[in-house]
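This report concerns only the one structure given below.
The values are calculated or read from the model by the stated rules, or taken from the named source; none is laboratory data. As the structure is a computational prediction, the values presented were derived from the model and not from experiment. For neighbour counting, all protein chains shown are included, and Cβ atoms are generated from backbone atoms with ideal geometry for every residue, glycine included.
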2 protein chains.
Amino acid sequence: MRQIKIGILGLGVVGSGTVRILQENADEIAQRVGARLVIKKIAVRDLGKPRAVTVDRALLTDNPLAVIDDPEIDILAELIGGVEPAHEYVLRAIHGGKNIVTANKEMMAKAGHDLMEAAGERRRDFFFEGSVAGGIPIIAPLKEALAGNRVREVMGIVNGTTNYILTKMSAEGAAFEDVLREAQEHGYAEADPTSDVDGWDAQYKIAILSSIAFNSQVKVEDVATQGIRHIQARDIEVARELGYRIKLLAVGQQEDDGRAMQVRVHPALLPLSHPLASVDDVFNAVLVRGDAVGEVMFYGRGAGSLPTGSAVVGDLVATSRNILSDATGRIGCTCFEAKRMLPPEAVETKFYTRMHTADRPKVLASIANVFGDFDVSIESVVQKAVTDDDAEIVWVTHKVPQSSLRGALDVIGRLPVVRSVNNWIRVEE
Amino acid sequence: MRQIKIGILGLGVVGSGTVRILQENADEIAQRVGARLVIKKIAVRDLGKPRAVTVDRALLTDNPLAVIDDPEIDILAELIGGVEPAHEYVLRAIHGGKNIVTANKEMMAKAGHDLMEAAGERRRDFFFEGSVAGGIPIIAPLKEALAGNRVREVMGIVNGTTNYILTKMSAEGAAFEDVLREAQEHGYAEADPTSDVDGWDAQYKIAILSSIAFNSQVKVEDVATQGIRHIQARDIEVARELGYRIKLLAVGQQEDDGRAMQVRVHPALLPLSHPLASVDDVFNAVLVRGDAVGEVMFYGRGAGSLPTGSAVVGDLVATSRNILSDATGRIGCTCFEAKRMLPPEAVETKFYTRMHTADRPKVLASIANVFGDFDVSIESVVQKAVTDDDAEIVWVTHKVPQSSLRGALDVIGRLPVVRSVNNWIRVEE
């Protein structure tokens, strides 16, 4: 049986999962592909470090170039993460004629376009299913099974850490800081949680997904990004009473004429009937809305050694089949358009906003008047007395541009009867 | 730009959706593929019949052979359904060197294996994404993105009509017959609903999915199949009180050693936390459990003109890319094993059973004793007085073989204090 030789950079979380799958399911994979996928070399930083998987020591090297430049290696799996030196390694491997599989979301979001073009010029495969939503197949379906669709929207819960935190806050009525600390103790959140809780991880992923869905490169700096630090337990509680869940959403939308798109990351209220509303804990899900398929959703584990390894091995299988059919480069970069990027201010959604006011006659009317001045019409309003002279008022607006809501809230915040505008959050449908 | 010539058999629900997508999104599809997908001919039964899509009359023919035998046609899309003459047409087209795309679940379940082998021998593509779960990508992900996994279980709600009926019964407390009649009036159920409500449609689909997931051909006659006619509004109500939903499930499972499998269709109680429990109305979803990926679910519209057309066009795109790369036959039939099929009696699950009894002391104990005699241990039991001398008892067992439950219920049904055993239904996890 023919052998496909694989070189791996990195034997961390994803690398060890990938190696374990290739070892444990070697026979099934060989039968499915019609060739044996053989690990030729693995580059690691520290040869002596204990690993989560048993690997023949002879395969290990601490010299990445020994993998990248090995002429026998057909596919390079880049599993070290971060932009550099991963990007430099991958580019060198492409120039050397290698096919590439990667799970590196940051590199793909920031430098993926050029890498894919370089691979395409040499008719080499370049796959990155593991870079978004772990083991959930979403990139391949967007590129092929859904290729008949004009995608209107791609919307996802793509960060497991923040989804875990929001789920816990919702279940326990606990504050963000307390749940974050607990998540860090349990290993569900990193010591430096910035990339997750401030939305950067989700930003990389929605930039990748939107680029594919809309056939136009999305630059990460154009993705308006807001994390979950400002979400209070009270927001989650009130949202729940109104029939909503709060999730960190990554959203890409395309205008009906296909000329402009809008991509953003922010917390949002989702009605309970929304397919993403019941995606809890560390699970991820991506909802695609296409003109032909309607709504289709992909759900599963968005991170972890074996789930992400599953995506990497799926890409290795696809590449191997292309090698066997002499068809690498079969699907290239599909960013053949350059669509205009709309600012988030232009996007109309419903909004939720919560404020504390004096509890006396006409307060509600005076605030409603300001909303009216800014053409912000109100879907629902709930007022509750908190103390004798303190009321909490929660508003859900109809669809309005963010700029109108912000304008109204600026004025409302300065009304003498308003003590504080505590939060405002988009409501998605 | 190069043209890929497509011939279509059938311009019904799926055919007209396919044609509409190819027309409306022609430019995007051409850019994604790098070639223009051109409809060369469409065979219909009645040239004069009004169609849901505007088609140049010159493309239509009432002679299927004029499409099948046209040497310029690269891909034949078989969209007429049923085993014959579809099977005969497809076989002839394969022998003539055509690539095949089909949405025909019955043909694939009953004769797909031989057709795929014939296509494989000639290194032609044979795709059938539209045959299961409409527009939801599930066959391609099983064959490629999830190919690193040993799939333990594939479980789905794959029939929209029965899911609509069960959802309505649940929402309205209505009887099966009444909801079926209403569904027929609204066009959600066929005049002859047998294929849907008796589970045959789901049977075809799970045979196809299991064959791919387990790499072993599943014959439809080996799929134990039970429909939803016997589900009573009271079962749904009681299940809901206990925290379950009742769904028509199609299930394929593989033994841990990979040597045997079990495939079945039947109603089942699902706990509310189950990913499939909240799949309502006409929506479909397929849950895959793999050793690496864990749980992954695919959700969307399982039928309809444009959703199924989306799947067909996705397959046409995949085939076109293979034609352009000279790589048709890239993925062949993956049924390279011949696994043993276990009877459903061998499968252990929890069971729900509901019965009416005399309402007097020791009735519950006497029934519980019989369960004990058959080694059926009980997870929960709820007894309710219905009238002065009539009680309803609902049992949920621990995991037991179906044969043990049936044995116990046979004896219980003959106890003088038992008026009727109203139903028994599997509980899935």
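Quick rundown of the values:
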read-out: Filter result (among the basic types (K, R), away from chain B (no Cβ under 14 Å) and under 22 Å from the mean Cα position of the chain (by Cα)) within region A:337-354; value: A:R340
read-out: Test: residue in region A:211-222 that is among the charged types (D, E, K, R) and more than 30 Å from A:A338 (Cβ to Cβ); value: no
read-out: Any hit, region B:288-298, residues being touching a Pro at 6+ places or on another chain (Cβ under 6 Å), modelled with pLDDT of 95 or more, at the interface with chain A (Cβ under 8 Å from one of its Cβ atoms) and closer than 23 Å to B:T162 by Cβ; value: yes
read-out: Subset of region A:173-206 [modelled with pLDDT of 95 or more, under 17 Å from A:G160 (Cα atoms) and among the small types (G, A, S)]; value: A:S195, A:G199, A:A202
read-out: Hits in region B:306-336 (condition: more than 7 Å from every other protein chain (Cβ to nearest Cβ), assigned to a loop (DSSP other than H, G, I, E, B) and either among the basic types (K, R) or closer than 15 Å to B:A140 by Cβ (or both)); value: B:G332, B:C333
read-out: Some residue of region A:124-144 being over 21 Å from B:P137 (Cβ atoms) and assigned by TED's automatic domain parsing to the domain that holds A:L11; value: yes
read-out: Spans of helices (runs of 4 or more DSSP H) in region B:182-291 with at least 3 residues of a type outside the set (S, T, N, Q) and within 30 Å of B:A171 (Cα to Cα); value: B:200-214, B:233-241
read-out: Scan of region A:133-162 for residues that are within 12 Å of another protein chain (Cβ to nearest Cβ) and either among the hydrophobic types (A, V, I, L, M, F, W, C) or at positive phi (or both), ordered by number; value: A:A133, A:G134, A:I136, A:I138, A:I139, A:A140, A:L142, A:A145, A:L146, A:A147, A:V151
read-out: Lone qualifier among A:L242, A:L270, A:L287, A:L249 - being closer than 15 Å to A:D201 by Cβ and either touching an Asp or Glu at 6+ places or on another chain (Cβ under 7 Å) or surrounded by fewer than 18 Cβ atoms within 10 Å (Cβ to Cβ) (or both); value: A:L249
read-out: Top-ranked residue in region A:263-302 [being closer than 22 Å to B:A311 by Cα and without any contact (Cβ under 8 Å) to a residue 24 or more places away in the chain; ranked as farthest from the chain's Cα centre (by Cα)]; value: A:G294
read-out: Odd one out for B:I21 among (1) more than 10 Å from chain A (Cβ to nearest Cβ); (2) aliphatic (A, V, I, L, M); (3) not in a loop (DSSP other than H, G, I, E, B); value: (1)
read-out: Test for B:A303: is it more than 8 Å from chain A (Cβ to nearest Cβ) and touching a strand residue (DSSP E or B) at 6+ places or on another chain (Cβ under 6 Å); value: no
read-out: Only one of A:A86, A:A109, A:A77 that is of a type in the set (G, A, S) and farther than 23 Å from A:V218 by Cα; value: A:A77
